[in-house]
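Let me begin by presenting the structure, written as structure tokens, before commenting on it.
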Amino acid sequence: MSSIWDNCLAKLENEIASADFSTWIRPLQAVEGDGRITLLAPNRFVLDWVKQHHFAKIEETIHEFSNGSLVLNMEIGSKKSPLLTMAKIVKPAETKKAIPSFLNKTFTFDTFVEGKSNQLARAASMQVTENIGKAYNPLLIYGSSGLGKTHLMQAIGNGVLQKNPSANIIYLHSERFVQDMVKALQQNSIDTFKSFYRTIDVLLIDDIQFFAGKERSQEEFFHTFNTLLEKKHQVVLTCDKYPKEIIGLEDRLKSRFGWGLPVSIEPPDMETRAAILMKKAQLAGVNLTQEVAFFIARRIPSNVRDLEGALRRVIANAQFTGREITTEFTKEALHDLISLQDKLVNIDNIQRTVADYYKIRVADLASKNRKQIITRPRQVAMCLARELTSHSFPEIGNAFGGRDHTTVINACKRIRELKEADSKMAEDYANLLRSLSH
Ligand SMILES: Nc1ncnc2c1ncn2[C@@H]1O[C@H](COP(=O)(O)OP(=O)(O)OP(=O)(O)O)[C@@H](O)[C@H]1O
């Protein structure tokens, strides 16, 4: 190790935030010669990051300790093998990982609330964490935006790291993969790019729908992907739809993505939405009553990200005004969101959507017809009206041909039971919820 670099490190350690220092600066290795000091970065991510954020500071420090005699140069490499295999730069005695995994430490299984809508995806993710490369490979988690795909994917990464801190795990958005590949092509370093990805133990690639229409990236990813699978390294992918439905994605990729286990995440039901809110509030150190959690869950049916946004707003308002978080207070704090929701989802369009879905007439829903082919959709529509609007039971009864409020209460109860017992009903309800919430 260069003694000049040793001195620089000691100084930089005091001047750069400690997490930054250990992630980005400590893994650098220094080689001196020909009036230059070359800092070897273990991979392109570290190289780019250091160049962008710390280069000037490092240069200034080197200048100071070398009395201006050394020019700073940076490249990818390691002292053992200058043309590195990127992932293998951790010294045996070191427990510190040299590859930043880009994981959000808060996305764990502990902070993920289980519900019917995500049960399978969560169970499969836990299996993968326990048996990387062996359980399901690739694991593909798909579903609409904001439903917890990234959270689960990163929970796998965090779970694996907890068991094995030296595992090489990398989380990347597929756009980033594409950008890096383009950069590698421009810089003639595509071989380094390839060898880097092919030595990763767990590769987590988010939102693979972004590969659509990008042929060269698909080609590169296909080969990387095959190599990893052959070596039994784990690949986890997320996508906003079932890959077969992505236009502009090569057929061979579509079929390969389906080789392991494709699992879907559906929009959470109201109970799960409320449980997620309570969990998020608890993590934020805020006491949220069940009543308020259900109130927000009922008013924000779309996705968990929106739900979290609403909760953040309520908490911030309460902290700002010093008021207690009651249902009344929450109603005020979310006033604009609620009226927007009311405009988007009302009993009228619920009735139209349900009638359309079950191929019956809207008028049937308010009629006296008691045939099951009509009563079931009627109950579903009542239950959706209760879940998605702020109307009371009597108001909903009124909108369905002047029925009594107890009929609406019973309808909601019946549909809840049926969703548990009958997967077709659960699927129909989820489909309707999805089409009404977007
Ligand atoms: N079941 C859950 N329990 C706890 N938090 C959840 C759950 N589902 C989603 N979230 C939270 O919702 C937010 C959005 O989730 P995430 O980013 O994982 O969605 P996504 O499906 O990857 O969306 P996109 O496709 O837009 O990237 C995150 O903050 C995540 O923690």
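The values are calculated or read from the model by the stated rules, or taken from the named source; none is laboratory data. This structure is a prediction, so every number in the text was calculated from the model and none was measured. Positions of Cβ are generated from backbone atoms using ideal geometry, with glycine treated the same way; all protein chains shown enter the neighbour counts.
Scanning region 251-280 for residues that are out of contact with any helix residue (DSSP H, G or I) (no Cβ under 9 Å at 6 or more places or on another chain) and part of a strand (DSSP E or B) turns up nothing.
Is it the case that some residue within region 376-390 is surrounded by 15 or more Cβ atoms within 10 Å (Cβ to Cβ), touching a residue at least 24 places away in the same chain (Cβ under 8 Å), in a helix (DSSP H, G or I) and of a type in the set (S, T, N, Q)? Yes. When you go through 160, 178 one by one, which is the residue that is in contact with a helix residue (DSSP H, G or I) (Cβ under 9 Å, 6 or more places away or on another chain), of a type outside the set (Asp, Glu) and within 19 Å of residue 250 (Cα to Cα)? On inspection, the qualifying residue turns out to be 178. Considering only residues that are surrounded by fewer than 17 Cβ atoms within 10 Å (Cβ to Cβ), without any contact (Cβ under 8 Å) to a residue 24 or more places away in the chain, part of a helix (DSSP H, G or I) and more than 10 Å from the ligand (Cβ to nearest atom), which ones fall in region 284-311? Correct list: 290 only. From the list 367, 390, the one residue that fits, being under 23 Å from residue 297 (Cα atoms) and of a type in the set (Gly, Ala, Ser), is 390. Looking at this structure, is residue 361 surrounded by fewer than 20 Cβ atoms within 10 Å (Cβ to Cβ), touching a Leu at 6+ places or on another chain (Cβ under 9 Å) and over 23 Å from residue 303 (Cβ atoms)? So residue 361 fails the test. Restricting region 118-129 to residues that are surrounded by fewer than 19 Cβ atoms within 10 Å (Cβ to Cβ) and in contact (Cβ under 8 Å) with a residue 24 or more places away in the chain leaves a set whose member that is farthest from residue 200 (Cα to Cα) is 120. A single entry from 183, 232, 194 fulfils the requirement of being more than 16 Å from the ligand (Cβ to nearest atom), basic (Lys, Arg) and either touching a His at 6+ places or on another chain (Cβ under 9 Å) or assigned to a strand (DSSP E or B) (or both): 194. Within region 98-140, the residues that satisfy the criterion of being among the basic types (Lys, Arg) and more than 10 Å from the ligand (Cβ to nearest atom) are 105, 116, 134.
In the set 148, 143, 133, which member is at positive phi, of a type outside the set (Asp, Glu) and surrounded by fewer than 19 Cβ atoms within 10 Å (Cβ to Cβ)? Going through 148, 143, 133 in turn, just one is at positive phi, of a type outside the set (Asp, Glu) and surrounded by fewer than 19 Cβ atoms within 10 Å (Cβ to Cβ): 133.
Conditions tested, residue by residue: (1) modelled with pLDDT of 95 or more; (2) within 33 Å of the chain's Cα centre (by Cα); (3) hydroxyl-bearing (Ser, Thr, Tyr).
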position: 323; (1), (2), (3): no, yes, no
position: 332; (1), (2), (3): no, yes, no
position: 355; (1), (2), (3): yes, no, no
position: 375; (1), (2), (3): yes, no, yes
position: 386; (1), (2), (3): no, yes, no
position: 392; (1), (2), (3): no, no, yes
position: 420; (1), (2), (3): no, yes, no
position: 425; (1), (2), (3): no, yes, no
position: 432; (1), (2), (3): no, yes, no
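Within region 8-34, the set of residues being under 33 Å from the mean Cα position of the chain (by Cα) and assigned to a loop (DSSP other than H, G, I, E, B) comprises 16, 17, 26, 27, 28.
Checked against (1) at pLDDT below 75; (2) assigned to a helix (DSSP H, G or I); (3) under 15 Å from residue 36 (Cβ atoms), residue 58 passes all but condition (1). Applying the condition of being of a type in the set (Gly, Ala, Ser) and within 12 Å of the ligand (Cβ to nearest atom) to region 239-283 and asking which residue is surrounded by the most Cβ atoms within 10 Å (Cβ to Cβ) yields 274. Considering region 40-56, the residues that are of a type outside the set (Asp, Glu) and out of contact with any helix residue (DSSP H, G or I) (no Cβ under 7 Å at 6 or more places or on another chain) include one that is nearest to residue 75 (Cα to Cα), namely 40. Inside region 312-340, residues that are outside any helix (DSSP H, G or I) and not charged (D, E, K, R) make up a count of 4.
Tell me, please, whether a residue that is assigned to a helix (DSSP H, G or I), away from the ligand (no atom under 14 Å from the Cβ) and free of Cβ contacts under 8 Å to residues at least 60 places away in the same chain can be found in region 163-175. Looking through region 163-175, at least one residue is assigned to a helix (DSSP H, G or I), away from the ligand (no atom under 14 Å from the Cβ) and free of Cβ contacts under 8 Å to residues at least 60 places away in the same chain.
Of all the residues in region 197-224, those that are of a type outside the set (Ser, Thr, Tyr), crowded, with 18+ Cβ neighbours inside 10 Å and more than 16 Å from the ligand (Cβ to nearest atom) number 9.
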